[in-house]
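Just below is one structure, and these are the notes that go with it.
Laboratory data are not the source of any read-out in this text; all were calculated from the coordinates shown. Values in this document were obtained by computation on a predicted structure and should not be read as measured data. No Cβ is skipped: glycine too gets one built from the backbone with ideal geometry, and neighbour counts run over all protein chains shown.
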DNA sequence: GTCTATAAACCGATAGAC
DNA sequence: GTCTATCGGTTTATAGAC
C-alpha cells in the first residue's frame, strides 16, 4: 500500500460506489416505497453526489432492479445457510426464525420483496415486468423442495400456504404496527410444521 | 320530468359528483396505486373536470381517505349480508366465497385494502395515519366474533391467521398473476374451517 | 357551484465542465 | 470517472372568470 496507490486506484471506487448505491437503493426503496423515493434520496443514503448516480444506473428503473437483485442475494444467502442443516423440517423452521427475527422491520415496512411486488404490480400496464414474481417464485420453489424432501403430500400447495402465511402476517404486522404478530404467527407456523407427517 | 327540471336541479349534482369521485378514487387508486395516480386520472374516471375536484376534496390525501371509506362501506355491506346467515361458520365460508369471487381482480391488483395499507405505511413518516389499520382491524374483529360464536379456543389468534391467509394469497396471486391461487387457497381455508370443532 | 388557466414545486434525466 | 447546473415534463394546488 503506497501513497501513490491511493490516488491510482479509482478502479476500485467505481465498483464500491455501485455497490453502495445498490445497498442504499434496497434499503431506502423498502422504507419509503418506489414512487416516493427520489434518485436524490438514494444518492444521499449512499453518500454519492446526486447527479453522479446516472453514471452507474441509466434510469430509476435500473435502480429498482438493482434493489431487487440485492433482495435476491440476501435470500440466496439465507437459503444457502439453511441448506447446510440436515433435516428439511429444520430448514423451514430456520426460515421462520429468520422471518421472526426481522419482526421489527416487518412491523414498520413489511416484507421487502412482498411490498416491492405490490408496488411493481401497479407499475406494469401492458408489458408487465414480473421480475419480482421470479424472486417470489424462487422462494416458493425452495420451500417446495423442503416439503418434497419431507415426503408430504402436495408440496407445491403447502409451499403456497407457507409463503402466503408469511406475506399475510408481514402485511398485518405492518398495517397494525405490531411486531408481536410476527412472533405469534411464526410460532403457529412452526407448530404447523410439526403436525405434518 | 320537465325540461326546466334538468336545468334547475344542480343541488343533486353536488352530492352526485362527490359520490362519483369517491367511487372513481376507490377504483383507480386500487388499480394504479396511490403515488402513480394523479388527480386528473380520478377526475377523468369520474367524468368530472380536472380542476373541479378541489371543490369537493381539498387535497389528494382527502381523496385517498375517501377511497378508504368506500372500501370500508363495501366491507360493511358484505359482513352485513353475511350476518343474516344463522351459522357463524357459514358466515366465514361466505366471506371466503366473496374473496374467491374477486379472484381475477385480486390476481391483477391485489386486495384493495391490503395494497392500500402497503402504500400508506410508506407514506406516514413521523405522525402515522393508521386509518387503514382501523379498516383491517374492523375486519379482524368481525372474523374474531364469528370464531367466538363458534366456541373455539383463541378466536383472536384464529382471526389473525384467517385474515392473514387472505392477504397472503392475494399478494401471491397478484405477484404471480395467477387467479387460481385464490381458488386453491380459498378451498383450503374452507376445509380448515370445517376441521375446527 | 362549475370550470379554466396557471402558479409553484418537484423530479427524472441530460449536457457538459473538470 | 466525477460532479454541477439545469432543462423539460409533470403534478398539486390555487386564483379567479363565469
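Okay, here's what the table says:
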{"item": "Relative contact order for chain A, counting Cα pairs under 8 Å that sit 6 or more residues apart, in percent", "result": "21"}
{"item": "Extension reserve of the residue A:78-residue A:58 stretch, reckoned as 0.36 nm per residue once the Cα distance is removed", "result": "4.2 nm"}
{"item": "For chain A, calculated [θ]222 nm from helices alone, where every DSSP H run of n ≥ 4 adds -39500 (n - 2.57)", "result": "-25000 deg cm²/dmol"}
{"item": "Cα centroid of the range A:129-197 to Cα centroid of the range B:46-118, whole Å", "result": "26"}
{"item": "Packing-based order for B:58-64, B:102-108, using average beta carbon neighbours within 10 Å, highest first", "result": "B:102-108, B:58-64"}
{"item": "Cα-based shape type of the range A:73-190, given that a ≥ b ≥ c are square roots of the gyration tensor eigenvalues and the cut on a/c is 1.5", "result": "oblate"}
{"item": "Coordinate range along principal axes, alpha carbons of the protein assembly as shown, Å, largest first", "result": "93, 57, 37"}
{"item": "Residue-averaged beta-carbon neighbours from other chains (10 angstrom radius) around B:28-34", "result": "3"}
{"item": "Label-point separation, residue A:15 to residue B:38 (7 Å along Cα→Cβ), nm", "result": "4.4"}
{"item": "Peptide A:109-117 - average C-beta neighbours from other chains (10 Å radius)", "result": "4"}
{"item": "Degrees, to the nearest 10: B:60-82 long Cα axis against longest axis of chain B", "result": "50"}
{"item": "Point-to-point label distance, residue A:141-residue A:153, nm (Cα→Cβ direction, 7 Å offset)", "result": "2.7"}
{"item": "Spin-label model distance (nm) - residue B:197 vs residue A:125, 7 Å beyond Cα toward Cβ", "result": "5.7"}
{"item": "Cα gyration tensor shape for the range A:125-175, rounded if a/c is under 1.5, else prolate or oblate", "result": "oblate"}
{"item": "Global form of chain A, assessed from the alpha-carbon gyration tensor, a/c cut-off 1.5", "result": "prolate"}
{"item": "Between helix A:112-121 and chain A: long-axis angle, C-alpha atoms, 0 to 90°, nearest 10", "result": "80"}
{"item": "Shortest-first nm distances, residue A:78 label point to equivalent points in other copies (7 Å, Cα→Cβ)", "result": "2.9"}
{"item": "In degrees, nearest ten, helix A:155-175 long axis to first principal axis of chain A (Cα)", "result": "60"}
